[in-house]
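The structure appears below as structure tokens.
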Amino acid sequence: MKELRSSMKIEIHILMLEDSEADAELVAHSLRKGGMIFTSERAETRVEYIRALERAPPDLILSDYSLPSFDGCTALAIAQAKCPGAPFIFVTGTLGEEVAIETLKQGATDYVLKHRLSRLVPSVQRALREAEERRERRHAEEQLRQSHEQLRALSVYLQHVREEERIHIAREVHDELGQALTGLKLQLAWLCGRLPKDLKALHEKTRNMSVGIDETIQTVRRIATELRPGVLDSAGLIAALEWQAQQFEKQTGIRCRVKPAVRETLWDQDLNTAFFRIFQETLTNVIRHARATKVEVRFAEMGGFLILVVKDNGRGISDEEIHNTKSIGLLGMRERAALMGGEVRLHGEPGKGTTVTVRIPRPAKNPSREKWKWNENENSFNRRPRRRAPGAETDPR
């Protein structure tokens, strides 16, 4: 298409805004002489001009600047409103330099003086070529936008499926394996109680087996909790952040304090999940890269946004690391926030630490829905009011 337009081998439709029939014929002759194939329509008045634009949008508009009923700048404004993609060239008798510059600033493609019509065909060819390039660029941008939206929708779906699968697996692990192991321990205790007391070796063996079962039960609980912490669904986001901070400090020895400044309500499950997973990834990065000894966590609401700020006192992330497109962890954090209409910002100061700020719009209302809930210490599902994570240190403001 572009090559055809460039070589002018296809027919185009031209709208001429010209009050002089003789001048219009002269312009048409110059175009034919230049090898262009076209159909044309002439308009003299504003009404004829608007009617022609609406009836058959032209490929090109050639307009005189001085018209009896209205001026060329008004004609240009009308064309931009009715046919924004059509090139607009002034073909006029006289046009001062300042006026010519002003028309170009307002969006005219070019201007050609009537006593220099030798410039008309090259100007038209360039205008049509540039218009085709703009159409192709807009088409490519639209395709890119649609692809981005499709990828974003797919990402939302995959995030949802992954979290649902985590919930399902955690529940199955906690319930099925937990029940089986508890039953096995009861049977072992029953068997141990019926062994002759003089069989000390067997009694020792059953005690060791019971200890092994207890360790396995704790492992099952840990795996289920890592898949989907029950506190996130049963006690809410703040308690889950406090619990995660406590676990982080217990495992690494790095001091981690959560300071909430909001009175939590029942927020959307997707919102809770986004904040919690971003927080987990942030703490993972602290372990791997920060070389920090202290982490401070603040959670607040400001201007309709829920804001999570995580600051460590480590080496400080560099700008190169922030913009590293191969950092899957940071990309995942940004994508989770973007899916909720929010953003993640990182700032590092060499030797002073890194600050991660997560801003996500607060939902307009709290949807009511069924959510499974489970107690980490019991083999049951229940609903409970919000509570603090046990043992977590907080500093509410």
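General remarks:
- When 262, 258 are screened for being surrounded by fewer than 21 Cβ atoms within 10 Å (Cβ to Cβ) and within 28 Å of residue 363 (Cα to Cα), only 262 passes.
- Residue check, residue 298 of a type in the set (Lys, Arg), under 25 Å from the mean Cα position of the chain (by Cα) and buried (at least 17 other Cβ atoms within 10 Å of the Cβ): yes
- Those residues of the stretch 168-191 which are surrounded by 15 or more Cβ atoms within 10 Å (Cβ to Cβ) and either touching a Leu at 6+ places or on another chain (Cβ under 8 Å) or assigned by TED's automatic domain parsing to the domain that holds residue 334 (or both), in sequence order: 170, 173
To keep it simple, each residue is scored yes or no on (1) closer than 15 Å to residue 127 by Cα; (2) at pLDDT below 90; (3) in a strand (DSSP E or B).
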residue	(1), (2), (3)
58	yes, no, no
65	no, yes, no
74	no, no, no
85	yes, yes, no
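- In the set 156, 99, 161, only one residue is within 30 Å of residue 75 (Cβ to Cβ) and modelled with pLDDT under 85; that residue is 99.
- Index of the failed condition, residue 51 passing every other in (1) over 22 Å from residue 136 (Cα atoms); (2) modelled with pLDDT under 90; (3) surrounded by fewer than 15 Cβ atoms within 10 Å (Cβ to Cβ): (2)
- Here residue 111 fulfils each of the conditions (1) over 38 Å from the mean Cα position of the chain (by Cα); (2) assigned to a helix (DSSP H, G or I); (3) surrounded by 12 or more Cβ atoms within 10 Å (Cβ to Cβ) apart from (2).
- Subset of the stretch 11-33 [part of a strand (DSSP E or B) and touching a helix residue (DSSP H, G or I) at 6+ places or on another chain (Cβ under 9 Å)]: 12, 14, 15, 16, 17
The values are calculated or read from the model by the stated rules, or taken from the named source; none is laboratory data. Remember, predicted model here, so these are calculated numbers, not experimental data. Counting neighbours? That spans all protein chains shown, and the Cβs are built from the backbone with ideal geometry, glycine included.
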